[in-house]
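To start, the structure itself, in structure tokens.
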Amino acid sequence: MTESQGVQLRDGQSASNLFHRILWQTKRRFAELEKYADLTEDPKQFRRHYVERLPQFEAVRLSSPERAAMASELFQALLGELVYKEAGAVQPLQACLNRKVEPASLLTTGGDRKGSWKFQLEYEGRTWDSLQALSDLLVSRRIMNSAAGEALTWLQRQVLAVDGLNLGDRKVVVFGAGAEMASTRLFLEAGADVLWLDLAAPPAELTPDSFAGRLSWADQPMDLLLEPAKVLATIVEFAKDDPVDLCLYAYAPGQARELRLTGTMNALIEAMPKALVRSVTMLVSPTTTSELHAQDLLDIEARNSAAPLWEKALGGLGVMGRPGVASCRYASVTRTLVNIQGTSYQAAQYLGKLMAAEAWHARGIRVSANTAAITQTRSLDHPVFDAAFGGARALQVETFTPKQSQTINGLLSIHDWLNPNMPPPGRARVHGGIHTLPYPLDKALRIAAAIGFARSPGLLRGLVKA
């Protein structure tokens, strides 16, 4: 099959036009969005200014008593734009998923490691074996918010310090199991029964003596975009009659794949027998627009007051942009969109993650949708990002390694699975400091990149090639 086959956007439309049209149509259906949301009807203008317009749109939505209905409208609109193409025929993706197909044959290996999982993580040149101590440090340095600290504290006190972490009673389905941000290894080490869904088979180093759980994978790799019905049948067969935790980590850039993959995973959740959905887990990018609470606003003010003189000088000249927050009445959100990531990326984050999480939560589905740390993964392989990582420390912004992100965000997800109070999605954020910036991230990124280029001039060669 070619790239034009499988799951596509309806009528061959671009991700940018689809994103704009869904937002615009939703704006016209709700009086408060119609009155307050600063959204243009012109898709070209939207493409040029979505970095500013989307946060303002989200602030209006969050300030409305109809926020959950708006989320559901936006989420369902995305699902309705996905079609499945095969041999010249086109049908809605949801119709495709109703087909009866045979599941994939699975290969399975059981882990040999015994005992409960113990926390241990390398951070800043030392090995931490206390989750409590590390989370306290990260909160105090505003690398993650207090909600994330409270979640990890609960996990430490209620689970790790009591019987240790043991997921032996859980079946976990991991889309994009080999992704750099996926916590697959952690789930296996903690004893879970894991279904590996990825174009690549499990790596050779993932041997039975390295984990305590049970690992299953298809004997022939399945492409989620080309074989969604087969993927669904395989998940149902793996689950048998047991509910499963569904982790949505699949990601690939280019040709609107970010949006198509996220939408396809969401469509599979919608098509699953409801009794089999134990929870849904996803990672929200720190560079999408995110809801801020009272403590976050205090942290932003404290960060602004303590800024070094050079930063205040640039801020006074307007170089950094102002403010770093978009607000409507009592609701505030981050202005952390980055133009270089593109509209497909942001559409996937906003429609396919934030809105999906809120819509599912409103329906009583347990959802873990925490903000992931800024992580130096292959998806951020761009000279500007490379330079920005180098200059980030000057702006009190911190980046994580994949291993650090896999562990911290995996533990936050496990907290959301185990906490009997079913926490609302999106509260815990390991934002690395960008959610306390008093400036729009798109502006601050340029300053960080300039500092990074000054420190490492060789990066400029990559910028010329890009």
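Bear in mind these aren't lab numbers, they're just calculated from the coordinates by the rules spelled out. The structure displayed is predicted, hence computed values, not measured ones. Every residue, glycine among them, receives a Cβ derived from its backbone with ideal geometry; neighbour counts consider all protein chains shown.
How high is the relative contact order of the chain, given as a whole-number percent (alpha carbon pairs under 8 Å, six or more residues apart)?
For the chain, the relative contact order is 20 percent.
Of LYS114/LYS171; LYS312/LYS353; LYS100/LYS171; LYS312/LYS443; LYS171/LYS403; LYS114/LYS230, which sit over 25 Å apart, Cα to Cα?
LYS312/LYS353; LYS114/LYS230
Place a +1 charge on the Cβ of each Lys and Arg in the chain and a -1 charge on the Cβ of each Asp and Glu, then give the dipole magnitude about the Cα centre in debye, rounded to the nearest 20.
980
Once a ≥ b ≥ c are taken as the square roots of the eigenvalues of the Cα gyration tensor of the range 143-247, is the result rounded (a/c under 1.5), prolate (a/b larger than b/c) or oblate (a/b not larger than b/c)?
Prolate.
How far, in nm, would the chain grow between SER140 and GLU66 when pulled straight, counting 0.36 nm per residue and subtracting the alpha carbon separation?
23.2 nm
Compute, for the range 1-112, the length of the dipole vector about the Cα centre, with Cβ point charges of +1 (Lys, Arg) and -1 (Asp, Glu) only. Units Debye, rounded to 20.
Dipole magnitude for the range 1-112 comes out near 300 debye.
Calculate, for ASP38 and GLN94, the FRET efficiency according to 1/(1 + (r/R0)^6) with r their C-beta to C-beta distance and R0 41 Å; round to the nearest 0.05.
0.80
Given that compact globular proteins tend to follow 2.2 N^0.38 Å, what is the ratio of the alpha-carbon Rg of the chain to that value?
With N residues counted in the chain, Rg over 2.2 N^0.38 Å equals 0.96.
Could you list MET144, MET320 so that the one with the fewest beta carbons within 10 Å of its beta carbon is first and the one with the most is last?
The most exposed by this proxy come first: MET320, MET144.
Going toward the positive end of the dipole of the chain, with +1 on Lys and Arg Cβ and -1 on Asp and Glu Cβ, which of THR401, ALA359, LEU54 do you reach last?
LEU54
For ASN419 and VAL101 in one chain, what is 0.36 nm times their gap in residues minus the Cα-Cα distance, to one decimal in nm?
Result for the pair: 110.9 nm of gain on full extension.
How would you order 290-299, 61-70, 255-264 from highest to lowest mean count of nearby Cβ atoms within 10 Å?
Descending mean neighbour count gives 255-264, 61-70, 290-299.
Want the number for THR207 to TRP154: 0.36 nm per residue separation, take away the alpha-carbon distance, what's left?
16.0 nm
Answer with one residue from ALA306, VAL277, GLY324: the one whose Cα lies farthest towards the positive end of the charge dipole of the range 271-331, charges on Cβ with Lys, Arg +1 and Asp, Glu -1.
VAL277
Please order ASP223, ASP442 by the number of other Cβ within 10 Å, starting at the fewest.
ASP223, ASP442
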